[in-house]
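First the structure, in the form of structure tokens, and then the observations on it.
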Amino acid sequence: MQNKWLPAAFLMTAAGWGANQFSPLLGAYQRDLGLSANATTGLLALYVVGLLPGLLLGGPLADRRGRRPVVLVAVAVNAVATVALMLGVDVPVWLAVGRLLTGLSTGAVLAAGSAWVRELSHPPFGTAVEDGAGARRAGVMLSMGFSISGLVSALIAQWGPYPLVIAYLPHLLLSVAGVVLALSCPETRSAGSDSGARGGGVRDPRFRRLVLPVAPWVFVGPTVAFGTLPGLVTSDLPGFETVYAGVTALITPGLGAVVQPIARRVAQRGERVPAVVGLVVLAAGLALAAVSVVWVLPWWALVACLLMGTGYGFSVTFCLTVVGRIAGPAGLARLTAVFWCIAYLGFCTPFAISLLAPVASAPLLLLVLVGLALITTVAVSAGDEPDRDGQERRRADHIQRLRDSGVL
């Protein structure tokens, strides 16, 4: 198979689908099961509670035991989690179980799968020579799952029979198909490989200065788009709240996937430029979201979602590319897991906004996020300059990866 990375990347799409298929259904759960807003956004945040141990355990395990077994087992658990969510329509406690298992399994797929796709893309398994190509492929395929699942789930929930059950069937089909296709993909790390081989980690200055401040903002925009805005701007769209949530879940991460190749080209102007662009555009989207909430402007809120999606695409591309430059093959999954752990803290944003509602309005909190995003932009951009030595650094990193893979 020439594109060995593609079946592995398809599993990233399946995992992204499973992670976001629940989000557009928040309104349906409130309407049909009588759950409160705090309960539904709490279930959204519960996903992160499971995700963190999945990432922290899945990354090191994939570095020691191999990418392939970790990803395949995690996708199977991801499908079991979806079955639990289907049972939740009759016994709501299964919703909590399903969300926890979804987070746990998705975390393992993100950590091991991102490293697997990256390594399958580059020699000796693939032909990609451009720095960051593998990381970009993993990010794009993940974003596709995030975005498409939202709209499909919303459409089924709006007009389909037994919506809180049928909406989850596409993910089960994707998971089974993905596992079957990925069985042909080779392992890229041998069991018991030395996890202490060359490569930087969380102590690397580039990780602390570049990845650490930007990562928490990766999912702030998407989660505000489909977790907060639909409930605040759809009062003039009775009966279409769920579809509106699905549209926001489609366009926000969907546009993020589209702009990721552009973010790579922008990076030629300076290593930190994609982060700066992403944070500034995110801040603009959050500001427009605040205005949309104050004046109840659902169509302007969609424009805000597009801006926040652009910010997401630039930010995730920047972080994954820097992580790939820092880590050697022996520590790539581990460092990728740390990045996703930090990034998914932003997934709790709608829950935080809901909890703070009694003391601060949503528009005010969104404007606070605008200010914090701009402060982060200033901190990250300080000291940046054109990437004159970037080609030499990337060439050295590429040669090091080839040596660690046994090619040189």
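The values are calculated or read from the model by the stated rules, or taken from the named source; none is laboratory data. This is a predicted model, so every value here is computed, not measured. All Cβ positions, glycine included, derive from the backbone under ideal geometry; neighbour counts span all protein chains shown.
Scanning region 211-240 for residues that are in contact (Cβ under 8 Å) with a residue 12 or more places away in the chain and surrounded by fewer than 23 Cβ atoms within 10 Å (Cβ to Cβ) yields 212, 213, 216, 231, 232, 234, 235, 236, 237, 240. Each residue in region 296-338 was checked for being crowded, with 24+ Cβ neighbours inside 10 Å, without any contact (Cβ under 8 Å) to a residue 60 or more places away in the chain and either more than 14 Å from residue 279 (Cβ to Cβ) or hydroxyl-bearing (Ser, Thr, Tyr) (or both), and 1 of them qualify. Within region 127-142, being more than 13 Å from residue 7 (Cα to Cα) and either part of a loop (DSSP other than H, G, I, E, B) or of a type in the set (A, V, I, L, M) (or both) holds for 127, 128, 129, 130, 131, 132, 133, 135, 140.
Could you pull out the residue among 150, 145, 160 that is over 18 Å from the mean Cα position of the chain (by Cα) and of a type in the set (Gly, Ala, Ser)? Sole residue among the options that is over 18 Å from the mean Cα position of the chain (by Cα) and of a type in the set (Gly, Ala, Ser): 160. Of all the criteria given as (1) touching a residue at least 60 places away in the same chain (Cβ under 8 Å); (2) more than 12 Å from the chain's Cα centre (by Cα); (3) under 19 Å from residue 317 (Cβ atoms), the one not satisfied by residue 155 is (3).
Based on this model, can you work out whether residue 91 counts as assigned to a helix (DSSP H, G or I), surrounded by fewer than 23 Cβ atoms within 10 Å (Cβ to Cβ) and not basic (Lys, Arg)?
No; evaluated as a whole, the condition is false for this residue.
Anything in region 216-275 that is among the hydroxyl-bearing types (Ser, Thr, Tyr) and at pLDDT 90 or above? List them, or say none. Listed by number, the residues that qualify are 223, 228, 234, 244, 248, 252.
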